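The values are calculated or read from the model by the stated rules, or taken from the named source; none is laboratory data. None of the values given here were measured: they were computed from a predicted structure. Here Cβ is always computed from backbone atoms with ideal geometry, including for glycine, and neighbour counts include all displayed protein chains.
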Amino acid sequence: MSNTHLHAGDAAHGHNAIAHVASIKVLVGVFVLLLILTGVTVGAVFVDLGALNIWIAMGIATVKALLVAMFFMHLAYDRPFNGIVFIASLVFAGLFVSVLLLDAREYKPNVDSYRALSPLVPSSSN
Amino acid sequence: MSTTPHSTAGVAAPLPHGGHGAAAQGSHGDQGHGHNPDLAHHFDTPVQQFDAGKLGIWTFLVTEVLFFSGLFCAYSIWRSLHPEAFMYAHHYLDTKLGATNTVVLLFSSLTAAWSVRCAQLNQKRGLVVCLALTLMCAFGFLGIKFVEYSHKLHDGIGWGESYQPHNPKLFTTLTPSGHYKGGKYVSEIAAERGLAVAGVPYADLDVPGKLAIANELRTEFLPEPPTVRTFFSIYYGMTGLHGVHVVGGILVYIWLLVRALRGRFHSGYFGPVDYAALYWHLVDLVWIYLFPMLYLIH
């Protein structure tokens, strides 16, 4: 209980001795931004930009992810090491996906020529 | 019990313990050392304890990112090799339900972040309210997911070999950019034409009967791309793994709510509330990507 009393004064002023306290303004502001971006990403579906659509959708998702990570997850105020650890995982996940994509495309001609020889039966008629 | 070299010295000389990165910031909480019930004996200060726990949960989140990345890989490869299956199959997903679930999850992230604030500021009633709201949103998300899953499975849209739709959507046109247009469900077409087997209308038929009508009608419409079943394997795999994480979050938040009701958290001890919120935000982050990847294909 000693800690409760120790920090009661701090708490009344919206501060905490152990970690940064997010203000209500920031929390609600980020939430509203996230809602707006969700609306934008749903709306963007109705604009046909071809291959660009998926990149726009992923771009908006990344902005949303950044907002969540920086403010809801406190990375903007946190020790940088936690952020570095997290970013490292994203870098490795990106490496994983992109290298496997390159590899998968490498074999597409083989798959296509195999398909041409023995066309797959449409799954509906099995 | 002098298991740590600090525990005896701490009584006489409260500060500082050299060599710890957190020691400088930890000076506030150091009094009452050894008596603080919320400070594990192997930590010097509440700040050190909090930061260690935080690094621990971030490390766990890293393994979660890599865990999910396997499925993101499957998705990327399959979509790049078979875009037509995605252009076709997304017509089975309900964007409204997906968007609703996105909003539900975003709101639960807000309440989770707010619960940390409440705990940090000794707002015990606010903490209970925020935790309860987060829990309710988690249940709401699962409820909507259940509606989506059961609707699909009812129509025979399962994963892999259990993808045997007896009420498929059939299309009349394929645009040059690969969009399927003029879609109608077999149930609609059968109702319009009054299709029946041995006098039994489509709606009252059993599954094999419905499959027979569906397969007959298919020949009049565009053929279905051959790898749609794999789209649904990926769909169920990704949303299923995400759903399992939501269930995990529910268990954690029930535990937090019980402890919060007992008044266990306060400005000097709120680590578990913060760590659970970080986990919950990651579950939200994954959904932020899943929603456009699965529901917003065009």
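Below are the figures for this structure:
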read-out: Which listed residue is buried (at least 19 other Cβ atoms within 10 Å of the Cβ) and modelled with pLDDT of 95 or more, from B:L106, B:L39; value: B:L106
read-out: The stretch A:30-49, subset surrounded by 17 or more Cβ atoms within 10 Å (Cβ to Cβ) and within 7 Å of another protein chain (Cβ to nearest Cβ), residue nearest to B:F107 (Cα to Cα); value: A:F31
read-out: Condition check for B:S80: at pLDDT 95 or above and within 7 Å of chain A (Cβ to nearest Cβ); value: no
read-out: Counted residues, the stretch A:92-126 - those being surrounded by 11 or more Cβ atoms within 10 Å (Cβ to Cβ) and at pLDDT 85 or above; value: 10
read-out: Subset of the stretch B:247-298 (residues that are closer than 30 Å to B:P83 by Cα, within 10 Å of the chain's Cα centre (by Cα) and among the aromatic types (F, W, Y)); value: B:W287
read-out: Top-ranked residue of the stretch A:11-29 - restricted to ones that are more than 7 Å from every other protein chain (Cβ to nearest Cβ) and either within 18 Å of B:P46 (Cα to Cα) or in contact with a strand residue (DSSP E or B) (Cβ under 6 Å, 6 or more places away or on another chain) (or both), ranked as modelled with the highest pLDDT; value: A:H20
read-out: Number of the exception - A:I87 against (1) in a helix (DSSP H, G or I); (2) within 20 Å of B:M293 (Cα to Cα); value: (2)
read-out: Neighbours by Cβ (under 6 Å, 6+ apart or cross-chain): first from the stretch B:258-270, closer than 13 Å to B:S115 by Cα and crowded, with 24+ Cβ neighbours inside 10 Å; second at pLDDT 95 or above and among the aliphatic types (A, V, I, L, M); value: B:A260/B:L127; B:A260/B:V128; B:A260/B:L131; B:F265/B:A119; B:F265/B:V273; B:F270/B:A119
read-out: Within the stretch A:50-79, considering residues that are among the aliphatic types (A, V, I, L, M) and over 13 Å from A:V30 (Cβ atoms), the one farthest from the other protein chains (Cβ to nearest Cβ); value: A:L52
